[in-house]
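The values are calculated or read from the model by the stated rules, or taken from the named source; none is laboratory data. A quick note: this is a predicted structure, and the numbers were derived from the prediction, not measured. Glycine also receives a Cβ, built like all others from the backbone with ideal geometry; neighbour counts cover every protein chain displayed. Side chains are part of the model used for accessible areas, which takes the heavy atoms of the whole protein and leaves out ligands, DNA and RNA. Shrake-Rupley method; radii C 1.70, N 1.55, O 1.52, S 1.80 Å.
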Amino acid sequence: MIRITNKTLYQALMAAVVLAGCGVSQSKPDSDKTAAAAPAGVKAFALEKDIFSASLKMPGELIAFQQVDLYAKVNSFVQKLYVDVGSTVTAGQVLATLEAPELNAQLAGAESRLHSQEAVYLASKANYDRLYKTSQTPGTVSQNDLDLALAKQKSDYAQQEAARAAYREVADTRNYLQIRAPFSGVISARNVSAGAYVGPSGRGSEYPLFTLQEQKKLRLVLAVPEAYTSYLKNKSEVSFTVKSLAGQEFKASINRLSGALDSRLRSQRVEMDVANNDKKLLPGMVAEVNIPLNTADSVFIVPVTAVVNSTEKIFVIRVNNQKAEWVDVRKGREADGKVEIFGNLTTGDMLMEKANDEVRNGSAVTVNK
């Protein structure tokens, strides 16, 4: 029988540790890992100038070419209405008649005063004519009496004209009892009924009798931001669509530019006239307007990915002698993945196609062929 003592076990364990230590060796350093990493290859393109064709899409509003709220000028009652909401009217057409009995009494009084002054004037004129005819015989009528008669005639004539003006004023006021359309259009609102009390002040004056809109011709109104105002010109054609008429595109031309920027929005008001003879388009519709932003000058155009918008600045990366070079630029218009740039660049410069601020200024780069 083999007897294993503690001393024998200790000696065996020590021998195993020594044998394991003899098998450990240090490997040689990998020459590939210690060597400097080669610069990564990047895609680049040659910078060229071209004509930039882009468009600006923004919302606009269709409004009536003309719109007016019609009120009563005199305190009166609505006698009869001839139109309602949706009625098509022509210029000068009677829309409603009002009733004010006191105006008839005022007109009768003014007419009576006018006839009275006419009679007084005719009497003074006849008196002057007789005196003048008599004065042709020397010594019959003094010059003073003749002058007084002439002055009386002129005074009575002035009184007659004042009475005539007062009569005309009341007659003109009575004409306001007929509400007429100032232009051709469509009644879009009616706020009264027959018998309602209306007038220029007090109860009955809060709302207009009618709202009249011209709808065969509309205005397309939009506010263009300051950055794009230089591309707008009169008579430039634009296109637009509305949600309620999907698939249909409409045309319009720029007719009016405000020539100033709104103090709150920093935008310019632009108006376009839209023919709407079939009345498909309605005032109040929101349109999506497509405005062309074309120029005749060629500019540097690059992919959007070539421009870096960092917290420090906006720049592109130019590859010069296998070195990355940051070049500050200013962005212009942007559309369809392309953008205008302006900076210290020349035609033929090699720019990185996909630039980012991880490629530091002055670092080594290679261009993939």
The condition from (1) in contact (Cβ under 8 Å) with a residue 60 or more places away in the chain; (2) closer than 29 Å to Pro283 by Cα that Glu206 misses is numbered (1)
Filter region 144-197 for residues that are acidic (Asp, Glu) and open to solvent by 50 Å² or more (accessible area, probe 1.4 Å); the one that is farthest from the chain's Cα centre (by Cα) is Asp145
When restricted to Arg269, Arg264, Arg256, the only residue out of contact with any Lys or Arg (no Cβ under 7 Å at 6 or more places or on another chain), more than 17 Å from Glu61 (Cα to Cα) and open to solvent by 70 Å² or more (accessible area, probe 1.4 Å) is Arg264
Taking region 85-142 and keeping residues among the polar types (S, T, N, Q), under 25 Å from Pro208 (Cα atoms), outside any loop (DSSP other than H, G, I, E, B) and open to solvent by less than 50 Å² (accessible area, probe 1.4 Å) leaves Thr97
(1) under 18 Å from Ser298 (Cβ atoms); (2) at pLDDT below 90; (3) not polar (S, T, N, Q) all hold for Leu345 apart from (2)
Restricted to region 209-240 and to residues being among the charged types (D, E, K, R) and not in a loop (DSSP other than H, G, I, E, B), the residue surrounded by the most Cβ atoms within 10 Å (Cβ to Cβ) is Arg219
Those residues of region 280-306 which are touching a strand residue (DSSP E or B) at 6+ places or on another chain (Cβ under 8 Å), modelled with pLDDT of 90 or more and either within 27 Å of Ser188 (Cβ to Cβ) or not in a strand (DSSP E or B) (or both) amount to Leu281, Leu282, Pro283, Gly284, Met285, Val286, Ala287, Glu288, Val289, Val304, Ala306
Checking Ala355, Ala275, Ala324, Ala306 in turn, the sole residue that is surrounded by 16 or more Cβ atoms within 10 Å (Cβ to Cβ), of a type in the set (Gly, Ala, Ser) and under 37 Å from the mean Cα position of the chain (by Cα) turns out to be Ala306
Of (1) acidic (Asp, Glu); (2) in a strand (DSSP E or B); (3) open to solvent by 50 Å² or more (accessible area, probe 1.4 Å), Glu206 satisfies every one except (2)
(1) at pLDDT below 90; (2) in contact with a Lys or Arg (Cβ under 7 Å, 6 or more places away or on another chain); (3) assigned to a strand (DSSP E or B) all hold for Gly362 apart from (3)
Output for Cβ contacts, cut-off 7 Å, separation at least six or different chains, first residue over 14 Å from Gln268 (Cα atoms) in region 214-234, second assigned to a strand (DSSP E or B) and among the polar types (S, T, N, Q), reads Glu214/Gln66
